[in-house]
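Visitor: What follows is a single structure, and I will ask about it in a moment.
The values are calculated or read from the model by the stated rules, or taken from the named source; none is laboratory data. Here the structure is a predicted model, which is why all the values come from computation and not from measurement. Quick reminder, even Gly has a Cβ in these numbers, built from the backbone with ideal geometry, and neighbours come from all protein chains shown. These area figures cover heavy atoms from the full protein model, side chains too; ligands, DNA and RNA do not enter into them. Shrake-Rupley method; radii C 1.70, N 1.55, O 1.52, S 1.80 Å.
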Amino acid sequence: MPLDFPTPSSSSTGSSTSGTLDARIPDGPIEKKWDTRRFEMKVVNPANKRKYSVIVVGSGLAGASAAASMAELGYDVHCFCFQDSPRRAHSIAAQGGINAAKNYQNDGDSVWRLFYDTVKGGDYRAREANVYRLAQISVNIIDQCVAQGVPFAREYGGTLSNRSFGGAQVSRTFYARGQTGQQLLLGAYQALERQIGAGKVKMYPRTEMLDLVVVDGRARGIITRNLVTGKTEAHAADAVVLGTGGYGNVFHLSTNAKGSNATASWRAHKRGAYFANPCFTQIHPTCIPVAGDYQSKLTLMSESLRNDGRIWVPSKKGDPRSPSQIPESERDYYLERRYPAFGNLVPRDVASRAAKLVCDEGRGVGPGGRGVYLDFADSIGRLGENVIRERYGNLFDMYARITGENPYKVPMRIYPAIHYTMGGLWVDYDLMSTIPGMFVMGEANFSDHGANRLGASALMQGLADGYFILPYTIGNYLAQSKGPKIEASHSAFQDALKGVKLATAKFVSSRGKRTVDSFHRELGKIVWEKCGMARSRTGLEEALARIPELREEFNSNVMIPGSGEEMNRELEKAGRVADFFELAELMCFDALQRNESCGGHFREEFQTPEGEALRDDEAFCYAAAWEYKGQNERQTLHREALSFDNVHLTQRSYK
Amino acid sequence: MRTFSLTLNVWRQKSASEPGKFVTYKAPNVSEHMSFLEMLDVVNDDLILTGGEPIVFDHDCREGICGSCGFMINGIAHGPNRATTVCQLHMRSFKDGEELWLEPWRSAAFPVVKDLAVDRSAFDRVIAAGGFVTAPTGSAVDGNAILVPKPDADLAMDAAACIGCGACVASCPNGSAALFSAAKIGHLGFLPQGQPERDNRVLAMVEQVTLEGFGHCTSTGECEAVCPKGIQISYIARMNRDYLKASIAKRPEASVGGSG
Ligand SMILES: Cc1cc2nc3c(=O)[nH]c(=O)nc-3n(C[C@H](O)[C@H](O)[C@H](O)COP(=O)(O)OP(=O)(O)OC[C@H]3O[C@@H](n4cnc5c(N)ncnc54)[C@H](O)[C@@H]3O)c2cc1C
Ligand code: FES
């Protein structure tokens, strides 16, 4: 794989700067913007919809909901995923819940409060208009999912039940035991299968998108590889929608599914879609700590556990006693101490950093001192073991299976792990990327969570995008795009096809001495240490020196067995890791140019005397969108200025 | 930390059209904290670097929820631990020197794709036949307008926990998909939202199951024993009742349709 970035020595920020970006946000008061846009939009006549074909890449919450909804409207939909079934998309693993401003608990929730919490939780780096729309739509999502038969938790009277999540003081999270993502995805999947059965959606499982095809400045199709036969194919359409998920696996060890990757987004980026805020990544505070070198992924313990679990470490450094031997007076419930108002329910970035801090001080627990206790003894004493089992039984079982310890008796040990990526392809208010005709939804776009996402908001966003935003905005695009019909025999498709085949041929001739995973592991370690929970100029510069060296070695010394004309998992991984290398560099450049701390982006040079993130709203109140300029060229930084007319910029406080 | 070694006899098959066979590998230095798939990752790393071909198995979440993983370990789907997918199975459940036999799901309806990976798309087609509630986007009433008694919601959720891994089919001597279909029919059948299509659903899904070449259920109970989500065969009895009722009550097709 050729180099796509200059070596960092040429510049410390790796950027040249260009003009500003227009998100095409409708005018008027924030409450009216979405209505305004929906009214302004051109619509495709129902009888004509079947003449438009749309490619949806991804069958997670965003992809499945969009594909099903567009098929219901009458579009000719083609949906792709790399798993063997659309039901297995990574969304299936979400545990804790989904937010909605229903105010069913009568505790003062409202669209405005959810909007406010999300903007504040995102540390004022999200686009207000999008967040407001998300909060508005949240209530429709719950209705839609209930209608599909999603078995949400219920009260004895039959009404929907709620729980609390970090960063909120109201109870607005809907859930289905600890399997909310599974149930929401199965709802969307079943809607999708209904359309597949009706012949309205053609599904392509075990198929990976490897390139985007742009004709006359518009997205007109994709190139794919059939993961069973190895056959590469071109698919043409009138529009392309990506719902391909986040890039957390850049870090190698993450809570994401093993297959989650950035390839679709990254290849689209190389075709002209700007990539926004790549350094905004989220570390989740409650994951099971790393156990050994062979470790292949990290397991999340849902944030909902923080409702009933108390987080602590010993007050003394290197305390060798078992937790039960440490008396109350010698425990430090550091979140409750530092943040009395939110306590154990502070947002994720705050909780993660606090855990790192106490471990850095030498007060961490478990092997290597990289862990803190999450203790349920008080709740079990207060509510009884049965109530706790009812709320979190499957999570406790999972913990016991992985660690061999019984969390009903011994406190869990947890440590932060990479979990979610707020950054992603830049989209305008209509979810369209900088390539006309290419739309991006769900975790793959950057729009709604700013520098930090609140718990239970990703499921909400994925479904808002897929059920209720994209199906309208894509119509507006299609109604106005009068392009000629293009077939996959067009030269642009043939060229892209050739490129993909060439890259495959190059990989399968690599007979080096290291596995793809060994490179991925090493890359992940660099990014975790230098561009993870805390970043600094020197650390980022070191990473930017190290990553290209490692990539060079990857290019010359990776071992890929087998051929391209068969199922070949090493080949699949190699393509994804090659993209992670390039993306990792962009993340570091982005982190370096952002000389402030905000949300999940914590630059050690920029903190308050109490160690909290110190934003610089004068200089950095923008979304950073990077434009690919070709191999070995420096990426150009474009800025979308963010204005906060409704939620005033203040330092976030959870004290 | 305890480490030990194992002997693995693994089914290797290049594709559906080629014959397969068992090949024996050594797994030295297995740590008790590894998951079963991590143990295979290490075996694969060795294979790759010594000119072999890595063993293919499906997996993704490695958290027991996506349903991608699954193969037979010594004749038991997902291995020896109850209610545990193979990705969640940890090596502390095995002893030093053990010999293990790894085979793909064996079922006429699940052709082998490669090694331990099989094609389970038949399950998708069974869902497409009727495993849904027809609720087009935008047509829903307020969530709390549909009250669901908690016991019903809980029973629906128990059934909805199915991850579609296929262990039930693989362990059934008849290759029946009864537990899989019954779980979906039970999930939707316990909820008020599922009532309007209840009869059609069970008829259509059962018909598709037959078309896909799954066998008949003779209540051997093997499926329940291996189900990683602990789905109970009582749902099969419920499905059979639903099927009988629906077959008897089958309404004639309405003769006038159209949107008016
Ligand atoms: C363990 C865990 C727990 C979580 N819990 C919660 C929670 O409780 N609440 C919450 O709100 N959020 C939660 N999240 C976050 C949330 O689950 C995700 O952000 C969200 O599900 C992403 O959905 P998506 O549709 O954007 O993408 P995904 O679900 O990741 O789907 C991506 C899809 O794209 C396909 N794809 C990707 N690349 C390609 C390609 N090149 N070619 C073809 N297909 C491709 C995949 O096959 C897949 O179908 C959790 C995340 C994790 C990791
Ligand atoms: S890999 Fe997802 S269930 Fe095992």
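Visitor: Tell me which of A:Val119, A:Gly437, B:Thr220 sits at the most positive position along the dipole axis of the protein assembly as shown, charges placed on C-beta atoms (Lys, Arg +1; Asp, Glu -1).
Guide: My answer, from the dipole projection, is B:Thr220.
Visitor: I need the P(r) histogram for the protein assembly as shown: all alpha carbon pairs, bin width 10 Å from 0 out to the longest distance, whole percents.
Guide: For the protein assembly as shown, the pair-distance distribution reads 2, 12, 23, 27, 22, 11, 2, 0, 0.
Visitor: A follow-up question, please. Estimate the FRET efficiency between A:Ala619 and A:Ser329 by the formula 1/(1 + (r/R0)^6), using the beta-carbon distance for r and 51 Å for R0, to the nearest 0.05.
Guide: 0.65
Visitor: Find out how many positive minus negative residues lie around B:Asn174, taking Lys and Arg as positive, Asp and Glu as negative, among other residues whose Cβ is under 13 Å from that of B:Asn174.
Guide: After counting each charged neighbour, the total is 0.
Visitor: Still on this structure: Could you name the lysines in cross-link range of B:Lys21, using Cα to Cα under 19 Å and dropping any fewer than eight places away on the same chain?
Guide: Result set, ordered by chain and number: B:Lys114.
Visitor: Per the Kirkwood definition applied to all pairs of different Cα atoms, how many angstroms is the hydrodynamic radius of region B:3-107?
Guide: Roughly 14.1 Å, rounded to one decimal.
Visitor: Straight-line reach only, C-alpha to C-alpha below 26 angstrom: list the lysines that B:Lys245 could link to, leaving out same-chain residues fewer than 8 apart.
Guide: The qualifying lysines are B:Lys150, B:Lys184.
Visitor: Determine by what factor the alpha-carbon radius of gyration of region A:314-460 differs from 2.2 N^0.38 Å, reporting the quotient.
Guide: Compared with the compact-globule rule of thumb, region A:314-460 sits at 1.32.
Visitor: In straight Cα distance, which lysines are under 21 Å from A:Lys530, not counting same-chain residues fewer than 8 positions off?
Guide: Answer for A:Lys530, where 21 Å is the Cα cut-off: A:Lys297, A:Lys356, listed by chain and number.
Visitor: Stretched out fully, how many nm does the piece from A:Trp112 to A:Glu405 gain, at 0.36 nm a residue minus the Cα gap?
Guide: 101.2 nm
Visitor: Using only Cα atoms and rounding to the nearest 10 degrees, what angle (0 to 90) does helix B:178-189 make with the longest principal axis of chain B?
Guide: It works out to around 40 degrees.
Visitor: So, with a 1.4 angstrom probe, what is the percent of accessible area on region B:3-107 that is carbon and sulfur?
Guide: It is 52 percent, rounded to a whole number.
Visitor: May I pose another question? Probe of 1.4 angstrom, ligands and nucleic acids ignored: what's the accessible area per residue over region A:92-240, in square angstrom?
Guide: For region A:92-240, the solvent-accessible area averages 25 Å² per residue.
Visitor: If eta is 1.002 mPa s and T is 20 °C, what Stokes-Einstein diffusion coefficient results for region B:64-149, Kirkwood Rh from Cα pairs, in µm²/s?
Guide: After rounding, the answer is 131 µm²/s.
Visitor: Something else about it: Which of the peptides B:57-65, A:294-302, A:278-286, A:642-650 is most tightly packed, and how do the rest follow, judged by the mean count of other Cβ atoms within 10 Å per residue?
Guide: Ranking the peptides B:57-65, A:294-302, A:278-286, A:642-650 by packing returns A:278-286, B:57-65, A:294-302, A:642-650.
Visitor: While we're looking at this one, here's another question. Can you give me the distance in nm between label points at A:Lys231 and A:Lys501, each placed 7 Å from the Cα along the Cα-to-Cβ direction?
Guide: In this crude label model, A:Lys231 to A:Lys501 measures out at 1.4 nm.
Visitor: Could I ask something else about it? For region A:262-377, give the percent of accessible area contributed by carbon and sulfur heavy atoms, probe 1.4 Å, rounded to a whole number.
Guide: Carbon plus sulfur share of accessible area: 52 percent.
Visitor: For the pair A and B, how large is the buried accessible area, both sides, in square angstrom to the nearest 100, if the probe is 1.4 Å?
Guide: Summed over both sides, the interface buries about 6000 Å².
Visitor: Also: Using a cut-off of 13 Å between beta-carbons, work out the net charge of the residues near A:His235 (Lys and Arg +1, Asp and Glu -1, A:His235 not included).
Guide: The answer is -2.
Visitor: Treating only the Cβ atoms of Lys and Arg (+1) and Asp and Glu (-1) as charged, compute the dipole magnitude of the protein assembly as shown about its Cα centre; round to the nearest 20 debye.
Guide: Dipole about the Cα centre, nearest 20: 880 debye.
Visitor: Return the distance in nm (one decimal) between the two label points of a simple spin-label model at A:Ala377 and B:Ala16, each offset 7 Å from Cα along Cα→Cβ.
Guide: 5.7
Visitor: Note the angle between two axes, namely the Cα long axis of helix B:234-249 and the longest principal axis of the Cα atoms of chain B, as a number of degrees from 0 to 90, rounded to the nearest 10.
Guide: Rounded to the nearest ten degrees, it is 30.
Visitor: Also, quick follow-up: Using only the Cα atoms of region A:492-641, construct the convex hull and provide its projected area averaged over every direction, in square nanometres to one decimal.
Guide: Spelled out: convex hull of the Cα atoms, projected over all directions, averaged, 10.9 nm².
Visitor: Quick check: net charge around A:Thr434, other residues with Cβ under 14 Å of its Cβ, Lys/Arg +1 and Asp/Glu -1?
Guide: Residues near A:Thr434 contribute +1 overall.
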